[in-house]
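Report on the following structure.
Where a number appears in this text, it was derived from the coordinates with a stated rule and is not lab data. Predicted model only: the values in this text are computed from it and were never measured. Virtual Cβ from ideal backbone geometry, glycine too; neighbours counted across all protein chains shown.
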There are 2 protein chains.
Amino acid sequence: MSTVSTDVARVLIAGSWRNATPQSTFHSTDPNHNSELPQAFPVSTWEDCEAALEAADKAAAELRRVPPAKIAEFLYLYADKIEAAKDALVEAAYTETGLARSPRLGDVELPRTSNQLRAAADSCRSGNWALPTIDTKAGIRSCYRPLGPVCVFGPNNFPFAFNSVAGGDFAAAIAAGNPVIGKANSSHPETTRLLAELAHEAVVETGLPEATVQLIYRTSHADGERLVSDPRVGATGYTGSRSAGLTLKSAADRAGKPIYLELSSVNPVVITPGALVERNETIVNDFVTSVLMGTGQFCTNPGMVLLVAGDETESFISDVKDRFASTQSGTLLSPAVARSLSKSVSILTDLGADLLTGGGEPESDRCAFANTLMRIDGAKFLSDPEGFQTEAFGNASVLVVAKDIAELCDVIDHLEGNLTGCIYSKEDASEETDVEKISFVLEPKVGRILNDKMPTGVAVSAAMNHGGPYPATGHPGFTAVGVPASLLRFGKLTSFDNIRPTRLPALLQDSAPTAETMRLIDGQWRTGDVG
Amino acid sequence: MSTVSTDVARVLIAGSWRNATPQSTFHSTDPNHNSELPQAFPVSTWEDCEAALEAADKAAAELRRVPPAKIAEFLYLYADKIEAAKDALVEAAYTETGLARSPRLGDVELPRTSNQLRAAADSCRSGNWALPTIDTKAGIRSCYRPLGPVCVFGPNNFPFAFNSVAGGDFAAAIAAGNPVIGKANSSHPETTRLLAELAHEAVVETGLPEATVQLIYRTSHADGERLVSDPRVGATGYTGSRSAGLTLKSAADRAGKPIYLELSSVNPVVITPGALVERNETIVNDFVTSVLMGTGQFCTNPGMVLLVAGDETESFISDVKDRFASTQSGTLLSPAVARSLSKSVSILTDLGADLLTGGGEPESDRCAFANTLMRIDGAKFLSDPEGFQTEAFGNASVLVVAKDIAELCDVIDHLEGNLTGCIYSKEDASEETDVEKISFVLEPKVGRILNDKMPTGVAVSAAMNHGGPYPATGHPGFTAVGVPASLLRFGKLTSFDNIRPTRLPALLQDSAPTAETMRLIDGQWRTGDVG
């Protein structure tokens, strides 16, 4: 007799939906009612991981023989299926995450997800992600090639766009020619199951190896570490909490396996006095919208604002405080997020941050926490930079008021690596000397620097870097968003030296595989055939 | 009174040649006479590392304001100085390494080194290494930016081309805009000192920050680990032994610091029966030259040959054995290399490899070891794949004779990650089915795959990958040789989102910084201005 009842959700392994070998089960929560949802999901044992790895290893070899156009066809078909299933997906994600059905889930995140799959498909088809390079004089050609099975651990805050079987890491890994073993985020397993069903249908209809997409829901921490360091794994993409991410990194590092992390970030926003004198209302509005939109649950949420002491700053703070206090707090993703936010706010106030508004305990009838604004001065921050960079993930932010620009720069100099950093300044050039100083210290700390704009929008652009120095990520050279750059994480650089022409991959043959393919041929990037 | 006599060589820190704070001293050896050279070099304490880090941190900030053209000017000037000082450099390197003055040191490695500096300079000037990307619609621009001070640990086997203050990692780190802290290889400290003198002169004459190039000779292992994980360090480049490299990797990984390793590799060479029937003499000659040239002391030395049982293979083996036995063995780089080679050969023969020729103890009056050829069959290899992949660095190679192509592929399937893999086959297409099978399993194991050619030549080409899967290196996506790709290792990806035009780095402004600058503008790689 099975230790688990038959209504436990099935895992997708080696092309079939089958009963997991669970050690236990878990349930997700409806955050709008703070109540457990009925569907049970399995916590897999190593047996499932082993079966998935074995199947992924075989699929990886098969995929290497599949033309990129066919992989692109799969991604396109999957994107279409996601759009066709919009209502069911939005409903499931709403139930599990509390994020608004519209515009957020249905009109923003879902189209972003399908379009991201299509952008990855285009890059897969042209091969442009792989930086094909041809040196006819030396007789050497190179490009990035598939790396092997990719494990994707998705975060709680984007049930579609960063989903382990539909999001950015997934799209990048597949488009680079690798199978994916998705590990669902425990806060939205049903949404993930629905997506995996669509992905599996698309795999079958396109005729890709069936284990191209696999799904498990949860494992023990030890099995997670074993998974990312398994010899059969090519790489891992992880988005989530710092502590779990660094534990996985440590395991992967020991095994020499690449792991791409996107961890916590406080995303400092600098606002100069001149900017506040000039357009306080606009900036208050930008900031309040950015922090409270999605209840602050963005990787790039502006969790820290750096200001210079003065009347205009007091006025800004007062306005923001009023807006925070008077705005109904949004729903948080899960009870765990609410507890964690409450705890982080306590840590910050215990360290000496002044609580301007919010704080307290999470609500009990839904997952929610009061919009929270804290304040410290620059000297206080500098007395414990590590402590005051505690991330409060959610609808909270810390204002750091420096006595002058020099102290503000000193504060920035003590920041850890972050995903983003913003500077709002006066529209004319009269603050340029200060801004130059601020930019100079801020840029090395962040993956993306912005002017006059909040960081919460992450465009899917070739020029996007959703990355940054450690500990925001595990490596300063890679981005998790943006095509084609995000695909490079899942490629293996390979040179073909004196290889006979017929044995070269299509991407490196004299004849260009597609009209869009851009190759660095004898020092010039161009389309077209060699010669 | 100092614990060290005044004739101890000085370290180059913060722009001045000064006495180290040594805990002890060491001497290099003249391998041609197996005798200690007179000059004493210091083993620095942490005090020197701290001073170098402090100076490098400041230099890194200053370098960020230096136009790339000026950094390129430095690299060009340094290349000229190296060529002008050819005689002294070749003499020093010959004395410390035993490598031939001509053609090796003077006519091959030295010009390669200066040309590599010039190639890096060109890429620095144009900015082409930094993959500048402009998305005018989204208002986002990105490129790679300097990462911070780079520690370079050079290997023993290339006193110029991989030298920590002149070689590939150095050129790449500087061209990417970073200062370098060079750690000399203990087998050629005097050569390194001479190079650092030239580099320092060029730094001063060009007007770069004086700590752009610094040199220490040796540290304790603990201080080495502390150095690569220091918060002020941007990244580390290491070429050398696996054990020391993995220890440094572990320290750097824990601190979230990128480290690029180039470690051991046996560089399998597959030779099909058809190739041997057709051109045995050519292949014997290629192989013997490749292994015995430079006394086998190349990262890409063919340390393992995979053959299929049969008369033609016996004939090949017999011919190679004769050539090995009848060729005077070359000089090895140091007593340590000779001891290590002897030890590795013992490990392999103890495991059951047949010694066809060579083996024994190192010579005593010079650093040398008999040309060594060993043989095992495929089944033997498969009984202990890890053991039989023990690298015998030097003039030695292991022949693995498989019973058929299937077993040969199985042997390949059990190989660790390697820098290179070669396939020699019949000139016509009659072996194509077998070659396809062999290539398919070999390619994922290696960074560079070759046909009909030995792996020892490593061209400085845009299409070169001198890298490969772990444990040949620490990451499968990067190359240590080849411009511009090798520079990417020392860059930080940075997006500029809505940044005011005058604040953009020159590389990302509408106006192209040089006529050669290629940028991905709205999806097309091209030269010229935006718009």
inquiry  = Counting each pair of different Cα atoms once, what's the Kirkwood radius of chain B in Å, rounded to one decimal?
reply    = 24.1 Å
request  = Could you sort out which of A:Lys343/B:Lys257; B:Lys58/B:Lys183; A:Lys321/A:Lys426; A:Lys437/B:Lys492; A:Lys249/A:Lys492; B:Lys58/B:Lys492 sit more than 26 Å apart by Cα distance in this structure?
outcome  = A:Lys343/B:Lys257
ask   = Please state the equivalent ellipsoid semi-axes for the protein assembly as shown: what are the square roots of 5 times the Cα gyration tensor eigenvalues, largest first, in whole Å?
value = 49, 37, 25
request  = Compare the Cα positions of B:Leu276, A:Thr236, B:Asn418 along the charge dipole of the protein assembly as shown (+1 at Cβ of Lys, Arg; -1 at Cβ of Asp, Glu; about the Cα centre) and return the one farthest towards the positive end.
outcome  = B:Leu276
task = For region A:268-451, give the magnitude of the charge dipole about the Cα centre (Cβ charges: +1 Lys/Arg, -1 Asp/Glu; no others), in debye to the nearest 20.
result = 720 debye
task = Pull up the cross-link candidates among the aspartates and glutamates for A:Lys137, meaning alpha carbon to alpha carbon under 15 Å and not fewer than 8 places away within one chain.
result = A:Asp497, A:Asp510, A:Asp522
ask   = How crowded by other chains is B:508-518, given as the mean number of beta carbons from other chains within 10 Å of each beta carbon?
value = 1
ask   = By a straight-distance test (C-alpha under 12 Å), which aspartates and glutamates pair with A:Lys70 as possible cross-link partners, with residues fewer than eight away in the same chain excluded?
value = A:Asp122, A:Glu205
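Determine, for each peptide in A:115-128, B:48-61, the mean count of other beta carbons within 10 angstrom over its residues, then list the peptides with the highest first.
Details: A:115-128: 23.6, B:48-61: 21.6.
Per-residue Cβ counts within 10 Å, averaged per peptide and sorted highest first, yield A:115-128, B:48-61.
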inquiry  = I'd like the distance between the alpha-carbon centres of region A:255-316 and region B:480-531, rounded to an integer number of Å.
reply    = 27 Å
ask   = Counting only the backbone N, which residues of region A:130-166 are under 19 Å from the spot 7 Å out from the Cα of A:Leu504 toward its beta-carbon?
value = A:130-146
ask   = What is the sum of charges around B:Asn280, taking Lys and Arg as +1, Asp and Glu as -1, for the other residues whose C-beta is under 10 Å from the C-beta of B:Asn280?
value = -3
inquiry  = I'd like the distance between the alpha-carbon centres of region A:23-77 and region B:391-439, rounded to an integer number of Å.
reply    = 36 Å
key: Of A:Thr527, A:Tyr217, B:Leu493, farthest towards positive along the dipole that unit charges on Lys, Arg, Asp, Glu beta carbons give the protein assembly as shown   = A:Thr527
ask   = Nearest 20 debye, what's the magnitude of the dipole of chain A about its Cα centre given +1 on Lys and Arg Cβ and -1 on Asp and Glu Cβ?
value = 2040 debye
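Is the C-alpha gyration tensor of region B:268-451 telling us rounded, prolate or oblate? Criteria: a/c under 1.5 is rounded; beyond that, a/b larger than b/c is prolate, otherwise oblate. Don't jump to the answer; show the numbers that get you there.
Details: a/c = 1.78, a/b = 1.53, b/c = 1.17.
Prolate is the answer for region B:268-451, as a/c is 1.5 or above and a/b outweighs b/c.
Can you tell me the relative contact order of chain B? Whole percent, Cα pairs under 8 Å, sequence separation 6 or more.
Values: 1205 pairs, mean separation 90.9, N = 531.
Reported as a whole number, the value is 17 percent.
For chain B, give me the percentage of DSSP beta bridges that are antiparallel, rounded to the nearest 5 percent.
40 percent
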ask   = From the label point of A:Ile347, set 7 Å from Cα along Cα→Cβ, how far away are the matching label points in the other copies, in nm, ordered shortest to longest?
value = 4.4
ask   = When you look at the Cβ of every residue in A:301-314, what mean number of other chain Cβ atoms sits within 10 Å?
value = 0
message = Can you tell me the mean projection area, over all orientations, of the convex hull of region A:288-352's alpha carbons? Units nm², please.
response = 5.2 nm²
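What does the charge add up to near B:Thr29, with Lys and Arg as +1, Asp and Glu as -1, over the other residues with Cβ less than 15 Å from its Cβ? Walk me through the numbers before you get to the answer.
Working: positive: B:Arg218, B:Arg339, B:Arg366; negative: B:Asp30, B:Glu36, B:Glu96, B:Glu190, B:Glu363, B:Asp365.
Summing Lys and Arg as +1 and Asp and Glu as -1 gives -3.
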query = Any idea what the B:Ser430 label distances to the other copies are, label 7 Å down the Cα→Cβ vector, nm, shortest first?
reply = 8.7
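Explain nothing, just the number: dipole magnitude of the protein assembly as shown about its Cα centre with +1 on each Lys and Arg Cβ and -1 on each Asp and Glu Cβ, in debye rounded to the nearest 20.
Numbers: 90 positive and 130 negative charges, 75 e Å.
About 360 debye.
Return the percentage of antiparallel bridges among DSSP beta bridges fully within the protein assembly as shown, rounded to the nearest 5 %. Please report the intermediate quantities before stating the final value.
Numbers: 54 of 143 bridges.
Approximately 40 percent, going by the DSSP bridge assignments.
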query = Using Cα pairs under 8 angstrom and six or more residues apart, how large is the relative contact order of region B:268-451, in percent?
reply = 28 percent
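Looking at region A:268-451, send over the antiparallel percent of its DSSP beta bridges, to the nearest 5. Can you show the working numbers first?
Numbers: 3 of 25 bridges.
So the antiparallel bridges amount to about 10 percent of the total.
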remark   = Listed by chain and number, the aspartates and glutamates with an alpha carbon less than 15 angstrom from that of A:Lys403, same-chain partners under 8 positions apart left out, are A:Asp311, A:Glu312, A:Glu314, A:Asp377, A:Asp434
query = Which whole-angstrom value gives the distance between the alpha carbon centres of region A:350-368 and region A:117-137?
reply = 49 Å
key: Residue mean of other protein chain beta carbons inside 10 Å, A:485-495   = 6
key: Cβ-based net charge around B:Leu261, under 9 Å, with every Lys or Arg adding one and every Asp or Glu removing one   = +1
